[in-house]
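Asker: Take a look at the following structure, please.
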Amino acid sequence: EENGGGPSPATSDQPDRDYDTLMYATRTGGSARPLPGGIFPAANPRIRRGMADLMSCLNGDGSSALRANLTSATFNTSWSGADCFVTLMYGPPGLQNEDSAWNEQARGVCEICRFSSVTGRSKGKSVTVGNDSEDEQGVIRDDLWLSIDESKIARVSLCEPRGERSASTRVECIRYRKPATAFQHPNAGVMLTSLQWILNTVFRMSNRLKRRLTLLEMYNGLGAHTIPLAQCGFLSRIVAVELDERLVRACRHNVELNGCTNVEVYKGDAAEWAKRALGRDECCFDVLLVDPPRDGLTEEVCKMAAEGKSFGHMIYISCGRRALLRDLESLCSAFDVADIAVIDLFPGTDAVETLIHLTRR
């Protein structure tokens, strides 16, 4: 994953030191495999640079507190690559920072590697030091540009569109504030491609029905899709459901930050929400949008989608191929596949993101 790999001890080739040299490895099937040259090619340039800088610090002098009980490191960046956040994970007996040595060394790593923050984490303990103000520590700041031309074709980018555009072209800057420790899409390019596909798919639905639509979004995260959908003008109402409290707070903040008045964000488990909605006959939406974790949809969500007759359309975003095939078997009694897109999630790996537009039979 683009979040990086974990360092694991290797035999030292510097016998004058009293510790082993660390190197990065990925874990597959419970076994660790060193990364050739310490590089993870699928990661973005900022993460690759950060991985090299961090390893240089860890294998240098004055890093004993950071190294003690260290098991892995994760890297998280803004979509633009401007901010880079690092989390160091520690095994038993855990993170040792009682004498402030860890804090001092972590602060030094922040300055040398130009990380926004370094977080040390072990069971029951989490410590963060960083270059940002206390209020902004652990917060990723990102902007996204949405443009919709006279043909209602939506385009998204990380930079403001340049060049001439017609007076009827609408351009919106969408701002995000995201907790660095919570899940977000790890590949900005794939995220933009997926979002553009979703927006134009929703436009075609709206254009066919000659009206604005209502949408139920489950597993909405921090609102990466929610906010552009709210701003595109094709939807009159969005109800977003997310379980992770950190992401719920982030999504609500992003809704307010962008002045979205047509979005309602709820904290809840997707399976429980689906059971209640179906039992109360509350599935009164034109579109169901789901972006579940790798394990796919629960049986309850599949049942709600199939039996909630108001869902004329469903958009399924999947990063788990096996789960997607299983879920489609459950949904095929009620839906047909209208469109599909498969995007290479990390070049050089077998990871893909699949987007499917389903229409009710």
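Asker: For Cys260, all conditions in the list (1) open to solvent by 10 Å² or more (accessible area, probe 1.4 Å); (2) in contact with a Phe, Trp or Tyr (Cβ under 8 Å, 6 or more places away or on another chain); (3) not β-branched (Val, Ile, Thr); (4) not in a helix (DSSP H, G or I) hold save one; what is the number of the exception?
Answerer: Checking Cys260 against (1) open to solvent by 10 Å² or more (accessible area, probe 1.4 Å); (2) in contact with a Phe, Trp or Tyr (Cβ under 8 Å, 6 or more places away or on another chain); (3) not β-branched (Val, Ile, Thr); (4) not in a helix (DSSP H, G or I), the one that fails is (2).
Asker: Report, by residue number, each residue of the stretch 289-311 that is in a loop (DSSP other than H, G, I, E, B) and either at pLDDT 95 or above or under 16 Å from the mean Cα position of the chain (by Cα) (or both).
Answerer: Restricting attention to the stretch 289-311, the residues satisfying the condition of being in a loop (DSSP other than H, G, I, E, B) are 291-298, 308-311.
Within the stretch 289-311, Asp291, Pro292, Pro293, Arg294, Asp295, Gly296, Leu297, Thr298 meet the criteria.
Asker: If Ala240 satisfies all but one of (1) buried (at least 22 other Cβ atoms within 10 Å of the Cβ); (2) under 16 Å from Trp79 (Cβ atoms), what's the number of the condition it fails?
Answerer: Only one criterion is unmet by Ala240, namely (2).
Asker: Would you be able to say whether some residue in the stretch 43-57 is open to solvent by 30 Å² or more (accessible area, probe 1.4 Å), touching a residue at least 12 places away in the same chain (Cβ under 8 Å) and of a type in the set (Ser, Thr, Tyr)? Reasoning before the result, please.
Answerer: Quick first cut of the stretch 43-57, residues open to solvent by 30 Å² or more (accessible area, probe 1.4 Å) only: 44-45, 48-49, 52-53, 56.
Still in the list and also touching a residue at least 12 places away in the same chain (Cβ under 8 Å): 44-45, 52-53.
Still in the list and also of a type in the set (Ser, Thr, Tyr): none.
Taking every residue of the stretch 43-57 in turn, none turns out to be open to solvent by 30 Å² or more (accessible area, probe 1.4 Å), touching a residue at least 12 places away in the same chain (Cβ under 8 Å) and of a type in the set (Ser, Thr, Tyr).
Asker: Assess whether Val287 counts as being touching a Ser or Thr at 6+ places or on another chain (Cβ under 8 Å), at negative phi and open to solvent by 10 Å² or more (accessible area, probe 1.4 Å). If you could, list the steps in order and put the result at the bottom.
Answerer: Details: touching a Ser or Thr at 6+ places or on another chain (Cβ under 8 Å): yes; at negative phi: yes; open to solvent by 10 Å² or more (accessible area, probe 1.4 Å): no.
Spelling it out, it is not the case that Val287 is touching a Ser or Thr at 6+ places or on another chain (Cβ under 8 Å), at negative phi and open to solvent by 10 Å² or more (accessible area, probe 1.4 Å).
Asker: Does Leu235 count as under 27 Å from Leu146 (Cβ atoms), open to solvent by 40 Å² or more (accessible area, probe 1.4 Å) and among the hydrophobic types (A, V, I, L, M, F, W, C)?
Answerer: Working: under 27 Å from Leu146 (Cβ atoms): yes; open to solvent by 40 Å² or more (accessible area, probe 1.4 Å): no; among the hydrophobic types (A, V, I, L, M, F, W, C): yes.
Answer is no for this residue.
Asker: If we scan the stretch 5-18, do we find a residue that is modelled with pLDDT under 90, farther than 18 Å from Gly130 by Cα, assigned to a strand (DSSP E or B) and among the polar types (S, T, N, Q)? Outline the logic, then answer.
Answerer: Filtering the stretch 5-18 for residues modelled with pLDDT under 90 gives 5-18.
If we keep only those that are farther than 18 Å from Gly130 by Cα too, we end up with 5-18.
Applying the additional criterion that residues be assigned to a strand (DSSP E or B) yields 6-10.
Restricting the remaining residues to those that are among the polar types (S, T, N, Q) gives 8.
Looking through the stretch 5-18, at least one residue is modelled with pLDDT under 90, farther than 18 Å from Gly130 by Cα, assigned to a strand (DSSP E or B) and among the polar types (S, T, N, Q).
Asker: Looking at this structure, is Thr119 assigned to a strand (DSSP E or B) and touching a Leu at 6+ places or on another chain (Cβ under 8 Å)?
Answerer: Details: assigned to a strand (DSSP E or B): yes; touching a Leu at 6+ places or on another chain (Cβ under 8 Å): yes.
Here the answer is yes, as Thr119 does meet what is asked.
Asker: Hey, another quick one. May I ask you to say which residue of Lys275, Lys210 is in contact with a helix residue (DSSP H, G or I) (Cβ under 7 Å, 6 or more places away or on another chain), surrounded by fewer than 18 Cβ atoms within 10 Å (Cβ to Cβ) and of a type in the set (D, E, K, R)? If you could, list the steps in order and put the result at the bottom.
Answerer: Working: Lys210 fails: in contact with a helix residue (DSSP H, G or I) (Cβ under 7 Å, 6 or more places away or on another chain).
Checking each option against the conditions leaves just Lys275.
Asker: For the stretch 232-248, how many residues meet the condition of being touching a residue at least 60 places away in the same chain (Cβ under 8 Å) and under 20 Å from the mean Cα position of the chain (by Cα)?
Answerer: 3
Asker: Taking the conditions exactly as written (out of contact with any Phe, Trp or Tyr (no Cβ under 8 Å at 6 or more places or on another chain) and either of a type outside the set (Lys, Arg) or open to solvent by less than 20 Å² (accessible area, probe 1.4 Å) (or both)), does Asn76 satisfy them or not? Break it down into steps so the answer makes sense when it comes.
Answerer: Details: out of contact with any Phe, Trp or Tyr (no Cβ under 8 Å at 6 or more places or on another chain): no; either of a type outside the set (Lys, Arg) or open to solvent by less than 20 Å² (accessible area, probe 1.4 Å) (or both): yes.
So Asn76 does not fit the description; no.
Asker: Tell me, yes or no, whether the stretch 282-296 has at least one residue that is without any contact (Cβ under 8 Å) to a residue 12 or more places away in the chain and over 17 Å from Gln196 (Cα atoms). Full working, then the answer.
Answerer: The first filter runs over the stretch 282-296 and keeps only residues without any contact (Cβ under 8 Å) to a residue 12 or more places away in the chain, leaving 282.
Then drop every residue that is not over 17 Å from Gln196 (Cα atoms), which leaves 282.
Scanning the stretch 282-296 turns up at least one residue that is without any contact (Cβ under 8 Å) to a residue 12 or more places away in the chain and over 17 Å from Gln196 (Cα atoms).
Asker: Counting just the residues of the stretch 263-284 that are assigned to a strand (DSSP E or B) and among the charged types (D, E, K, R), which one comes out nearest to the chain's Cα centre (by Cα)? Full working, then the answer.
Answerer: As a first pass, look at the stretch 263-284 and keep what is assigned to a strand (DSSP E or B): 263-267.
After this cut, where a residue has to be among the charged types (D, E, K, R) as well, the list is 264, 267.
Values: Glu264: 20, Lys267: 18 Å.
So the residue we want is Lys267.
Asker: What single numbered condition from (1) open to solvent by less than 30 Å² (accessible area, probe 1.4 Å); (2) among the polar types (S, T, N, Q); (3) in a helix (DSSP H, G or I) fails to hold for Thr87?
Answerer: Against the list (1) open to solvent by less than 30 Å² (accessible area, probe 1.4 Å); (2) among the polar types (S, T, N, Q); (3) in a helix (DSSP H, G or I), Thr87 comes up short only on (3).
The values are calculated or read from the model by the stated rules, or taken from the named source; none is laboratory data. Please read these numbers as outputs of a predicted model, since none were measured by experiment. Neighbour counts run over all protein chains shown; Cβ positions are idealised from the backbone, glycine included. Quick note on the areas: whole protein, heavy atoms, side chains included, nothing else; ligands and nucleic acids left out. Shrake-Rupley method; radii C 1.70, N 1.55, O 1.52, S 1.80 Å.
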